[in-house]
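The values are calculated or read from the model by the stated rules, or taken from the named source; none is laboratory data. Fair warning: this is a prediction, and the values are worked out from it, not measured in the lab. Counting neighbours? That spans all protein chains shown, and the Cβs are built from the backbone with ideal geometry, glycine included. Surface areas here come from the heavy atoms of the whole protein model, side chains and all, with no ligands, DNA or RNA. Shrake-Rupley method; radii C 1.70, N 1.55, O 1.52, S 1.80 Å.
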Amino acid sequence: MIGVVIPAHNEQRHITACLASILIAARHPGLTGQQVSVLVVQDDCSDNTGQLVAGQGVAKLDVSFRNVGKARATGAEELLNAGAQWLAFTDADTVVPHDWLARQIEFKADAVCGTVEVDSWTEHGDLVRSKYLELYQFIENHRHIHGANLGLSAEAYRNAGGFQHLAAHEDVHLIADLERVGARIVWTATNPVVTS
């Protein structure tokens with residue numbers, strides 16, 4: 001089984017598009033019929049995120065952590081206990097490509113770190129956009145780490161100790177722990193996600 005974990009805090013503007021893209025990726029023929037379980041970890045939501053998740057027929061778990069690392073870890077633990085052999089992580093304001101899960105699996109790696117594209121720069125301005133594009137590498141073997149585009153085997157996740165309960169950079173710490181235990185990590189730009 002493949003498990004997909006999506007932490008969410010008041011994401012009613014984006015969650016429907018996110019889940020629609022994941023449900024398409026879950027039906028990709030390259031997965032050869034593997035079961036995909038999607039779990040939204042609703043972290044202290046006070047908007048309509050929960051109703052929208054239910055409307056998509058996706059499982060949700062209500063928590064009150066206000067901590068993305070703990071939300072990701074809790075979701076991962078839930079799916080591991082249900083039998084997930086591969087864990088994929090994205091964010092509630094992110095849209096994944098139709099082959100997102102299939103691409104992760106076909107690398108046959110311990111972990112896959114993908115890239116992100118920003119859907120709109122209107123809130124950030126030209127200077128931020130140009131600096132980002134100057135520094136960001138949309139190439140193979142990049143070294144960008146995003147919780148919005150990450151996949152790893154259940155074994156690698158357990159060996160690395162899982163997500164630390166951090167309010168930020170939980171993804172960076174997990175990758176450092178994976179490197180520490182000698183996990184084989186693929187850094188790819190072939191399965192970018194689009195995020196707000």
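Write out, first by first residue and then by second, each pair whose Cβ atoms fall under 8 Å of each other, whose residues are 6+ apart or on separate chains, and whose first residue, in segment 4-21, is among the charged types (D, E, K, R) while the second is open to solvent by 20 Å² or more (accessible area, probe 1.4 Å).
Every condition considered, the pairs that remain are 11/45; 11/47; 11/93; 13/93.
In segment 73-91, how many are buried (at least 19 other Cβ atoms within 10 Å of the Cβ) and assigned to a loop (DSSP other than H, G, I, E, B)?
3
Within segment 1-28, can you find the residues that are assigned to a helix (DSSP H, G or I), open to solvent by less than 60 Å² (accessible area, probe 1.4 Å) and not hydroxyl-bearing (Ser, Thr, Tyr)?
If the condition is that a residue be assigned to a helix (DSSP H, G or I), open to solvent by less than 60 Å² (accessible area, probe 1.4 Å) and not hydroxyl-bearing (Ser, Thr, Tyr), then 15, 17, 18, 19, 20, 22, 23, 25, 26 are the ones that fit.
Do any residues in segment 53-72 that are at positive phi and part of a loop (DSSP other than H, G, I, E, B) have Cβ atoms under 6 Å from those of residues that are of a type outside the set (Ser, Thr, Tyr) and open to solvent by less than 70 Å² (accessible area, probe 1.4 Å), where the two are at least six apart or on different chains, and which pairs are they?
Sorted first by the residue in segment 53-72, then by its partner, the pairs are 66/44.
Can you tell me which residue among 134, 123, 140, 117 is in a strand (DSSP E or B) and surrounded by fewer than 19 Cβ atoms within 10 Å (Cβ to Cβ)?
117
Scan segment 29-59 residue by residue and report those that are closer than 22 Å to residue 168 by Cα and open to solvent by 30 Å² or more (accessible area, probe 1.4 Å). First the steps, then the outcome.
Keep residues of segment 29-59 that are closer than 22 Å to residue 168 by Cα, which gives 39-46, 49.
Residues satisfying the conditions are 44, 45, 46.
Of all the residues that make up segment 8-42, how many are in contact with a Ser or Thr (Cβ under 9 Å, 6 or more places away or on another chain) and farther than 15 Å from residue 98 by Cα?
Total meeting the criteria: 11.
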